[in-house]
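I have placed the structure first, in the form of structure tokens, so that the comments after it can refer back to it.
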Amino acid sequence: MNKPLLSIIIPAHNEEARLPRSLEEISAFLETQPYTAEIIVVENGSQDRTLELAQEYTARIANLRVFHEEARGKGLAVKRGMLEASGEYRFICDTDLSMPIAEVNQFIPPEQKHIDVVIASREAEGAVRYDEPAYRHFIGRVFNTLVRVLALPGLQDTQCGFKCFRDEVAEKVFSLQTMPGMAFDVEALFIARRMGYKIEEVPIPWYFDADSRVRLVQDSMKMALDLLSIRRNARQGLYNK
């Protein structure tokens, strides 16, 4: 394949139940689009048949590539996918498709003409949340306040799982990313901003999935500590390479 316009990168840990439907939905959508695209699945640390299922789908979806990472960690999977991708625009996509895949066109040309980084936002004007419990929304807003104070002032939603990076930006940012877990989003955006890249938030419709893999309390506490690690890494010059 020549260099595609778009790479869709799917981190997948224990996703045998959801991945097949999502791959079929993404593939069907891309077949209707005028641009070229690839799908990249990075399976890591699964204890089910996620890897085998993804590999089986390569026989059915010509533009699908599958990679395996031994260690568990969404940040590890996303970093691998971003650096393996060949698209001009590289889009992180959660397996649950809580944002309808058709919304991806909001993140690439012609909708975005001078893209550096575009992130999905459940808080920007025009965004709609469906079926999310109020307590989850509240905890998310508390965490975002910490993000804005400690790392990324002005960004209202850094944790929605759909983000797009221009190829040059992706390669520079993710070569420096260190966080293996859920805080990789904040770290990647922090690095991008330090490099002077523009970050835009795009409002989306977002559907709560009761099968979310986020452990609300434990992951939020761990990510709060990771914010301090990001600031320490910056002081130590780890993002200046």
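Values as computed for the structure displayed
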{"quantity": "Filter result for the condition that a residue is buried (at least 19 other Cβ atoms within 10 Å of the Cβ), hydroxyl-bearing (Ser, Thr, Tyr), assigned to a loop (DSSP other than H, G, I, E, B) and modelled with pLDDT of 95 or more, over SER86, SER98", "calculated": "SER98"}
{"quantity": "Close pairs from region 17-46: first in contact (Cβ under 8 Å) with a residue 24 or more places away in the chain and closer than 22 Å to PRO180 by Cβ, partner of a type in the set (Asp, Glu) and part of a helix (DSSP H, G or I), Cβ under 9 Å, at least 6 apart", "calculated": "ILE40/GLU84; VAL42/GLU84"}
{"quantity": "Sole exception among (1) within 23 Å of LEU83 (Cα to Cα); (2) out of contact with any Phe, Trp or Tyr (no Cβ under 9 Å at 6 or more places or on another chain); (3) in a loop (DSSP other than H, G, I, E, B); (4) among the hydrophobic types (A, V, I, L, M, F, W, C) for VAL186, by number", "calculated": "(3)"}
{"quantity": "Where a residue in region 133-158 is part of a helix (DSSP H, G or I) and its partner, wherever it lies, is among the acidic types (Asp, Glu), with Cβ under 7 Å and at least six apart", "calculated": "ASN144/ASP157"}
{"quantity": "GLU103 vs. criteria out of contact with any helix residue (DSSP H, G or I) (no Cβ under 9 Å at 6 or more places or on another chain), acidic (Asp, Glu), closer than 20 Å to ASP209 by Cα and modelled with pLDDT of 95 or more", "calculated": "yes"}
{"quantity": "Residue in region 163-196 that is modelled with the lowest pLDDT, counting only those that are within 20 Å of ASP226 (Cβ to Cβ) and of a type in the set (Gly, Ala, Ser)", "calculated": "GLY181"}
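The values are calculated or read from the model by the stated rules, or taken from the named source; none is laboratory data. Not measured: the values here are computed from a predicted model. Glycine gets a Cβ as well: all are built from the backbone with ideal geometry, and neighbour counts include every protein chain shown.
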